[in-house]
Each structure stands twice: as C-alpha cells, then as structure tokens.
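Report on the structure given below.
The values are calculated or read from the model by the stated rules, or taken from the named source; none is laboratory data. None of the values given here were measured: they were computed from a predicted structure. Heads up, the Cβs are rebuilt from the backbone with ideal geometry, glycines too, and the neighbour counts pull from every protein chain shown.
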Amino acid sequence: MAAFGRHRLLLPILGWLLTGGLVGRAAEPAAERIFVGGTILTVNDSQPSVEAVAVAKGRIVAVGSRADVFARRGEQTEVVDLAGHTLVPGFIDGHSHFFSLIDVQTQALCASPPAGPCRNVADVIAALERIRERRKIGRGEFVMGFGCDPDLLAEKRFPTKAELDRAFPDNPVFIVHVSGHGAKLNSKALAAYDVTAATPTPVGGVIGREAGSQEPDGLLFETAFMPIFAKLPSPGDDELLAILESGQDLYLRAGITTAQEGATMKHQLDLLRVFADRGSLKLDLVALPFITEIDAVFAGKPPANEPDYRNRLRIGGVKIVTDGSPQGKTAAFTTPYLTDGPAGQKAWRGELSFPQAQINDWVKQVYDGGATLFVHCNGDAAIDSLLEAHRFASAGDPTKPRGTVGIHSQFIRRDQLEKYAAWDITPSFFTLHCFYFGDTHVANRGAEQAASISPLKSALALGLHPTNHTDFNVSPLDQLFTIHTAVNRQTRSGVILAEAERIGPLEALRAITLDGARMYGEEAKKGSIETGKLADLVILSADPTAVPAAEIETIEVLETIKEGKTVWKK
C-alpha cells in the first residue's frame with residue numbers, strides 16, 4: 001500500500017512535467033527579442049503596465065515582470081534596452097488613403113503652415129513652378145498640386161484661372177483642395193476635360209462660374225470633380241510601384257503597422273496585389289474598394305471581405321461616400337452654412353453626393369454580400385442618410401451587428417450618436433480637424449456646432465469604441481498629433497472646442513490601437529501588448545500619459561516594429 005501511495009503521489013507530478021512543467025518549458029522557443037528598461041503601455045486593462053515584453057516568431061510570447069519575461073531568454077536573445085523610452089502597440093490607421101503616397105511625391109505641396117509652405121497665392125504658384133522644374137514636366141503635361149486650403153491663404157481664395165493661365169501658359173494645372181473633394185483648374189485643364197459653359201452642374205456637384213456668365217472659373221467639387229480626378233494622368237505602373245516602395249516609410253515613421261487604402265479603384269488594387277506579391281509591403285494594408293468598383297473587383301459576385309492577408313494585403317470592406325467636406329463647404333447639413341457655398345450659393349446646406357435611393361441600394365448590396373461597410377459622412381444630413389440606408393438595408397433588424405463604420409461622422413448630433421450605439425455603428429472620428437480646420441468650422445457653422453465635432457468622450461460614454469484618423473493626405477501622417485488633438489481639442493487660434501469632449505491620453509491611444517484593430521475585426525491578434533498577439537510595436541521618445549497634455553505633440557516615434565522585426569528606426 002505504501003508503494004502504491006507513493007506512485008499515486010507521483011502521477012500528478014509526472015503529468016505536470018509532461019504538459020506544463022519542465023518538458024513544456026523546454027518546448028517553448030527562446031525569445032528572439034526582449035524589451036525592457038522603459039515604460040510599457042499594453043492597452044490591456046487587465047495588465048496595463050508591465051516591466052518587460054518578449055517576442056518570438058512574430059508574436060508576443062511573454063508579458064510581465066522582468067524576472068518572468070527573462071525566463072524566456074536564450075543564448076541568441078537580443079535584449080533591447082528602451083533607455084527610459086516608451087513601448088506601445090503598433091498604431092492602427094483608422095482611415096487614410098495609402099495611394100496618396102503617389103501624390104505627395106509627384107505633386108506640389110500647396111498646404112499652409114505647419115503642414116506646408118504656402119501662405120498666399122504667390123506661394124502656391126511658386127510651389128507649382130518648383131514641381132514643374134523638379135519633375136521636368138514638359139509642355140502640354142499636367143502640373144498638379146495638393147493640400148491647398150484657400151481659407152488659410154492671405155487672399156482667402158485659390159489662385160484664379162487667369163493667374164494660373166499666366167503662370168502656366170503651356171500646361172494644364174490642377175490644384176486639389178485640402179479636403180481632397182475638389183480642385184482649381186486653369187483653362188488648359190478645363191479644356192482637356194471638356195468643361196465649358198454648356199457643361200451642366202451634376203447632381204451632388206459644384207462647378208464655379210465666372211460672375212454674370214456660365215463660363216467655368218476652374219472650381220470643381222464633388223461629383224463634378226470625381227470623374228475628372230479619376231482620369232488624371234499618373235506615372236506608369238513601374239514608377240508607381242517604386243514610389244510605393246519608398247513612400248510606405250511615411251507610414252512606418254509614423255508608427256503605423258496596419259494601414260488603410262480608403263477608396264480603392266480596381267487598377268489600384270491590381271497594383272497593390274503586384275506590390276504585395278513581390279513581398280514589398282512592410283506593414284499590413286486593408287483595402288476598401290470604392291462602391292462603383294465592386295463589380296470589377298468582385299467579378300460580379302456579392303462583395304465580401306477577405307478573411308486573411310495575402311502577403312500583408314487584404315480587402316477589408318467597401319467604401320461609400322454620402323457627402324463632401326465641411327472645410328470645402330460641401331458637407332451636407334440639415335441647416336444652412338453661415339457663409340456662402342463654394343460657388344457663392346446662398347442659404348447653402350450642401351448636398352448628398354448621390355440620391356438617397358442609390359445610397360440605400362448600395363448599402364443593401366454590401367450588407368447582402370457580407371462585406372464590412374465604411375461610409376464617408378461629415379454633415380448631420382449625410383449621417384441621417386447613412387442611418388436611413390442602414391435601416392433600409394437591415395431587413396427589419398438595424399441592431400444586428402455588422403461592423404459598419406461611419407468615417408468622419410464629425411458633426412454628429414446626440415440623437416444620431418445614440419443610434420450609432422443602438423445599431424452597432426462605429427464612428428471613426430477625425431480630431432485633427434480641431435486644429436487644422438476648427439476656426440474655419442466656427443466661421444462656417446457657428447461656435448456651438450463647431451465645438452461638437454468628433455465627440456469622442458460622448459461616444460465612449462455610450463459604450464462605443466470610436467477610432468481616430470488622419471485621412472492622409474488631407475492631414476499629415478502624425479499619430480502623436482492625432483492623440484494630441486483628441487486630448488486638447490485646440491484650434492490654430494487657441495480656441496478650445498468643447499472641453500467636455502476632451503479624453504485622456506490613454507483613451508486617445510486606445511482609439512488608434514486596440515479600437516482600431518476592433519474596427520477591422522482584428523482585435524484578437526492586434527492592438528494591445530498581450531501574449532499571443534502579433535509583435536507589432538512602437539517605441540516612443542516619451543510616455544503620452546505622463547507628459548503635460550500640451551506637450552504630447554512633441555513626442556517622436558523612434559522605432560517601428562512589425563511582427564518582431566524593426567521596419568523603421570529614427
């Protein structure tokens with residue numbers, strides 16, 4: 001009996017050795033890298049701050065105390081001393097346009113400080129002249145610029161068609177508004193696309209006219225702009241691929257490990273697949289085919305997400321646009337702007353980009369196929385349109401979780417935000433507007449409505465998981481300034497837009513990490529520093545939760561790590 005008792009005592013010990021004890025430990029791979037020696041913000045509520053993190057084979061294998069994590073140290077383990085800096089999860093891009101990497105490298109930067117150099121009309125023309133010289137643009141070839149904000153120029157206007165004609169008598173000129181929803185063209189550019197006095201203004205579009213006539217003055221917005229924008233000349237495919245190769249460092253230097261191509265055309269998607277299949281992508285990229293492209297992209301089949309990445313690229317949803325931009329005064333509102341419309345319209349409210357019946361049909365098509373829906377909507381009338389289309393397409397159950405995202409949702413009313421919460425619609429907010437365009441919104445929409453933009457605090461209080469974004473290239477790729485504007489909500493002139501909507505830096509960090517991953521349905525493998533998740537990490541120069549709120553914007557990205565490997569380092 002005594003011998004049997006001894007054996008019975010040994011059985012559980014033997015089981016421990018075989019499953020979770022010495023044998024199990026021996027089977028665990030040694031860490032390839034261990035991060036220690038600084039602040040580590042996990043964005044994991046159950047373990048918010050730890051001493052060390054170990055990674056191996058692209059994943060996080062240990063998180064916790066220094067002693068526990070160093071148990072995974074092997075002979076080949078690289079110990080990364082954070083030297084007092086801060087480790088956070090890799091940033092998840094809430095909304096941007098990856099293909100804008102082409103524009104920023106081939107077009108003139110016509111933005112105003114701090115995003116660009118242009119303070120007046122002469123600066124814009126000079127920037128266009130510089131790009132003509134740098135890219136050796138010949139006679140008859142397009143000269144293009146991006147990022148122009150007439151409200152920030154001394155003259156409070158675009159260069160006129162006549163000014164552009166004088167400066168560029170041999171070239172068509174195309175200057176994209178900072179919103180990306182319109183442009184100013186010279187006479188040669190208008191002629192190239194046959195825009196004349198006889199051209200009717202399309203539904204949902206704006207064509208500026210010379211005073212007292214129907215002659216176009218070069219200003220095009222929305223549906224008058226989109227078809228022309230889609231036909232603009234671009235570099236050849238080989239040059240495009242080379243630009244994407246080098247240009248993706250703009251995302252990596254911003255700490256972004258998952259990016260978005262937020263309105264993808266079929267040809268762009270084809271190029272991105274070539275780019276990915278070459279093994280050139282250094283980050284994960286989620287493509288959102290534009291609604292007009294779905295037959296071509298999905299070969300006539302119902303639109304659906306690709307569940308897995310192929311060489312770091314996947315289709316993650318479908319994009320629909322319901323209105324324009326508030327700074328361009330083409331966002332659709334239920335009440336008039338306080339200033340005239342972009343073409344001088346009186347009592348202007350903006351317009352939906354497409355008829356409601358068309359939006360309804362598109363949303364139903366996306367829902368029936370099972371793809372995630374991403375809808376651009378800025379003004380409250382456009383948000384009403386999204387909600388109506390969602391109700392129409394939901395087969396009697398608008399509360400059924402579908403993962404729908406309201407991109408921007410900036411001027412959302414309280415009743416609309418409550419419907420977002422009830423109907424499981426995620427707002428992807430844009431707090432950078434507080435700084436870049438807040439003063440413009442006050443002038444155009446009034447102080448009360450302008451103050452309510454991107455109400456992150458209210459959304460969180462309702463149980464939503466809002467994300468935040470740059471909409472690159474509308475705003476620069478700067479994730480720390482995205483956090484800064486969510487925390488401070490301060491305009492260029494120093495006005496605070498709704499102090500009650502300020503959130504804490506950890507909440508702001510969550511919006512571009514864990515909640516960003518949740519928006520893509522990837523929260524099980526991204527967005528926080530937890531064992532088993534991908535080792536997507538960023539090293540910052542300082543802790544955004546510890547510095548004064550006004551200094552968050554000064555924090556720098558020092559290193560970006562994708563699946564345990566450094567892909568960018570300052």
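Taking (1) outside any strand (DSSP E or B); (2) within 22 Å of Ile60 (Cα to Cα); (3) not aromatic (Phe, Trp, Tyr) in turn, Thr560 satisfies each apart from (1). Out of everything in segment 390-417 that is small (Gly, Ala, Ser) and closer than 19 Å to Gly262 by Cβ, what residue ends up being surrounded by the fewest Cβ atoms within 10 Å (Cβ to Cβ)? My answer is Gly403.
From the list Gly204, Gly208, Gly218, the one residue that fits, being in contact with a strand residue (DSSP E or B) (Cβ under 9 Å, 6 or more places away or on another chain), more than 27 Å from Gly140 (Cβ to Cβ) and in contact (Cβ under 8 Å) with a residue 60 or more places away in the chain, is Gly204.
Among the listed residues Gly521, Gly527, Gly516, identify the single one that is under 18 Å from the mean Cα position of the chain (by Cα), crowded, with 24+ Cβ neighbours inside 10 Å, in a loop (DSSP other than H, G, I, E, B) and at pLDDT 95 or above.
Gly527
Within segment 38-55, if we keep just the residues that are within 29 Å of the chain's Cα centre (by Cα) and part of a strand (DSSP E or B), the residue that is nearest to Gly84 (Cα to Cα) turns out to be Thr39.
One residue stands out among those in segment 229-258 that are touching a Phe, Trp or Tyr at 6+ places or on another chain (Cβ under 6 Å) and among the aliphatic types (A, V, I, L, M): the one that is nearest to Leu271 (Cα to Cα), which is Leu241.
Scanning segment 446-455 for residues that are in a helix (DSSP H, G or I), out of contact with any Gly (no Cβ under 8 Å at 6 or more places or on another chain) and either aliphatic (A, V, I, L, M) or buried (at least 24 other Cβ atoms within 10 Å of the Cβ) (or both) gives Ala447, Ala451.
I'd like to check something: does segment 437-445 contain any residue that is of a type in the set (Lys, Arg), surrounded by fewer than 24 Cβ atoms within 10 Å (Cβ to Cβ), farther than 30 Å from Gln365 by Cβ and more than 22 Å from the chain's Cα centre (by Cα)?
Scanning segment 437-445 turns up no residue that is of a type in the set (Lys, Arg), surrounded by fewer than 24 Cβ atoms within 10 Å (Cβ to Cβ), farther than 30 Å from Gln365 by Cβ and more than 22 Å from the chain's Cα centre (by Cα).
Go through segment 128-169 and report how many residues are in contact (Cβ under 8 Å) with a residue 24 or more places away in the chain and outside any helix (DSSP H, G or I). Number satisfying all stated conditions: 21.
Quick grid of which residues meet (1) of a type in the set (S, T, N, Q); (2) at negative phi; (3) under 31 Å from the mean Cα position of the chain (by Cα):
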residue	(1), (2), (3)
Gly147	no, no, yes
Glu155	no, yes, yes
Phe158	no, yes, yes
Phe168	no, yes, no
Asn171	yes, yes, no
His177	no, yes, yes
Thr199	yes, yes, no
Gly208	no, yes, yes
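The set of residues in segment 530-553 being in contact (Cβ under 8 Å) with a residue 24 or more places away in the chain and not in a loop (DSSP other than H, G, I, E, B) consists of Leu534, Leu537, Val538, Ile539, Leu540, Ala549, Ala550, Ile552, Glu553.
For the condition buried (at least 19 other Cβ atoms within 10 Å of the Cβ) and in contact (Cβ under 8 Å) with a residue 60 or more places away in the chain, Ile503 does not qualify. Of note, Asp194 does not satisfy the criterion of being surrounded by 19 or more Cβ atoms within 10 Å (Cβ to Cβ), among the charged types (D, E, K, R) and more than 30 Å from Lys282 (Cα to Cα). Of everything listed in (1) closer than 30 Å to Gly90 by Cα; (2) aliphatic (A, V, I, L, M); (3) out of contact with any Asp or Glu (no Cβ under 7 Å at 6 or more places or on another chain), the single unmet condition for Val178 is (3). Note on segment 170-227: residues that are farther than 20 Å from Thr330 by Cα, assigned to a helix (DSSP H, G or I), hydrophobic (A, V, I, L, M, F, W, C) and touching a Gly at 6+ places or on another chain (Cβ under 9 Å) total 2.
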